[in-house]
Amino acid sequence: MDAQTLQHVQLFDKCTNFTKAREVQRTGLYPYFKPISQSEDTVVTIEGQPRIMMGSNNYLGLTHHPKVLEASRRALERYGSGCTGSRFLNGTLDLHEQLEARLADFLGKDGALVLSTGYQANLGMISSLVGRSDIVLIDKLDHASIVDGAKMSYGQTERFTHGNLQQLERLLEKHADRGTMVIVDGIYSMEGDIADLPALIALTQKYGAALAVDDAHSIGVLGPKGDGTAAHFGVIDDVDVIVGTFSKSLASIGGFIAASESIIHYLKHHARPLIFSAALPPANTAGVLAAHEVMVQEPERRERLWANTARLQSGMRSLGFEIGPSETPIVPILIGTLENTFRFWRKLFEAGVFTNPVVPPAVPPSECRLRTSLMATHTDEQIDFVLETFSQLGKATGII
Ligand SMILES: Cc1ncc(COP(=O)(O)O)c(C=O)c1O
């Protein structure tokens, strides 16, 4: 059937009526889906020009580390290009089990489970553990995968204002007779602030609720060994479940859940995103094992990441940019309206600096921002160039 003979299908009206992105594309300011044709760690080539990458989650700069690349190559040769099946059936490798043992030990938990993305880890963890009569309480700035995991569960969901522990306590009190999970991001991905785990633990313990922490942005960044938010606060035993990803500091793709033996055993037999999706490929699994080893052996990378963070944050603040409550390598630069944000993004891009624009619905319409993030491998010269570029363009456009 060709296009002319196709009947009108009402279902697709939403697609033909969706014009917002096309309108921005016509202005030449559309900032999304920019293809990278080459990557050299902190510098990427886009549209034929080198740009300093200020939007990556590659916090430790390990995506090009020779040990990571070599481990991936060896796994590719030994196991092939993919697992072609679920962990549950034909897709489990000895490498997955090595990685699980490594993560459990590293995070101070009995066990860990490796999934194919961090997104799936949250879907699987929440939808399996929050049953029909249970409730999950989520911070309004929690990652979308937590929101989606809550939607996928049969339980009830309630949200509390970001970091508002009085509101959380009222919810805990109201639902004290039910199975309850509180879930927070360790580091919030758009704000760069850290969850107050000691205060959250005091509340969850008072009301007999479980506490889960999404450490996607904290592994490799917080904690004495890069072991995350609970380790940072010295409260590992008081956090019931730690979820994370390999797509940031661990320089690959994939996700994990770390918890007690009985929780992990239960998830192995109930988490649909684990059971009904193919396993993490060999090269990625071996790459994560190698990246983790480098992370432990080279703590100076984390030190360098924090030095870079201090340089960018103090530079931005002294130039007069608003960076909100950020206290980590995630440094959002508040711009204001969507149009100003896209215009400023474009000017930075043309000047050789790549950032990530964050606009509604991720943030309120007046709080659009450019999300920047540091890597351990950014040089002082690169950070100073970024600051100088922000300064010149910020003044030229009246943002500062
Ligand atoms: C807080 C948080 N959780 C989970 C995820 C999902 O991780 P992945 O990219 O591995 O699917 C992300 C990634 O953006 C994240 O920022």
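The values are calculated or read from the model by the stated rules, or taken from the named source; none is laboratory data. For clarity, every value in this text was computed on a predicted model and none was experimentally measured. FYI the Cβ positions are ideal-geometry reconstructions off the backbone, even for glycines, and counts take in every protein chain you see. Just so you know, the surface numbers come from the protein's heavy atoms only, side chains and all, with ligands and any DNA or RNA stripped out. Shrake-Rupley method; radii C 1.70, N 1.55, O 1.52, S 1.80 Å.
Considering only the stretch 39-84, state which residues are open to solvent by 30 Å² or more (accessible area, probe 1.4 Å) and in a helix (DSSP H, G or I).
Passing the criteria: 66, 67, 69, 70, 73, 74, 76, 77, 78, 79.
Answer with yes or no whether residue 326 is farther than 30 Å from residue 99 by Cα and open to solvent by 20 Å² or more (accessible area, probe 1.4 Å).
Answer is no for this residue.
Could you tell me which of the residues 379, 355 is under 26 Å from residue 62 (Cβ atoms) and open to solvent by 30 Å² or more (accessible area, probe 1.4 Å)?
None of the other options fit; the residue is 379.
How many of the residues making up the stretch 329-352 are open to solvent by 10 Å² or more (accessible area, probe 1.4 Å) and under 19 Å from residue 218 (Cα atoms)?
0
This table checks each residue for (1) open to solvent by less than 60 Å² (accessible area, probe 1.4 Å); (2) more than 13 Å from the ligand (Cβ to nearest atom); (3) farther than 19 Å from residue 255 by Cα; (4) at pLDDT 95 or above.
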residue: 159; (1), (2), (3), (4): no, yes, yes, yes
residue: 183; (1), (2), (3), (4): yes, no, no, yes
residue: 186; (1), (2), (3), (4): yes, no, no, yes
residue: 193; (1), (2), (3), (4): yes, no, yes, yes
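Need at least 2 residues that are touching a Gly at 6+ places or on another chain (Cβ under 9 Å) per element, so show me which helices (runs of 4 or more DSSP H) inside the stretch 118-177 make the cut, counting only ones lying wholly within it. Don't jump to the end; show me each part of the working.
On the way: elements: 118-129, 144-152, 165-174.
The helices (runs of 4 or more DSSP H) meeting that bar are 118-129, 144-152.
Tell me, which residue of the stretch 242-260 that is within 14 Å of the ligand (Cβ to nearest atom) and surrounded by fewer than 23 Cβ atoms within 10 Å (Cβ to Cβ) is farthest from residue 58 (Cα to Cα)?
The residue in question is 253.
Is it true that residue 125 is more than 16 Å from the ligand (Cβ to nearest atom), under 22 Å from the mean Cα position of the chain (by Cα), open to solvent by less than 10 Å² (accessible area, probe 1.4 Å) and in contact (Cβ under 8 Å) with a residue 12 or more places away in the chain?
So residue 125 does not fit the description; no.
Among the residues of the stretch 85-117, which ones are among the small types (Gly, Ala, Ser), in contact with a Gly (Cβ under 7 Å, 6 or more places away or on another chain) and surrounded by fewer than 22 Cβ atoms within 10 Å (Cβ to Cβ)?
85, 91, 104
Against the definition (over 17 Å from residue 279 (Cα atoms), away from the ligand (no atom under 16 Å from the Cβ), in contact (Cβ under 8 Å) with a residue 12 or more places away in the chain and surrounded by 15 or more Cβ atoms within 10 Å (Cβ to Cβ)), how does residue 141 come out, yes or no? Let's see the steps before the verdict.
On the way: over 17 Å from residue 279 (Cα atoms): yes; away from the ligand (no atom under 16 Å from the Cβ): no; in contact (Cβ under 8 Å) with a residue 12 or more places away in the chain: yes; surrounded by 15 or more Cβ atoms within 10 Å (Cβ to Cβ): yes.
No; evaluated as a whole, the condition is false for this residue.
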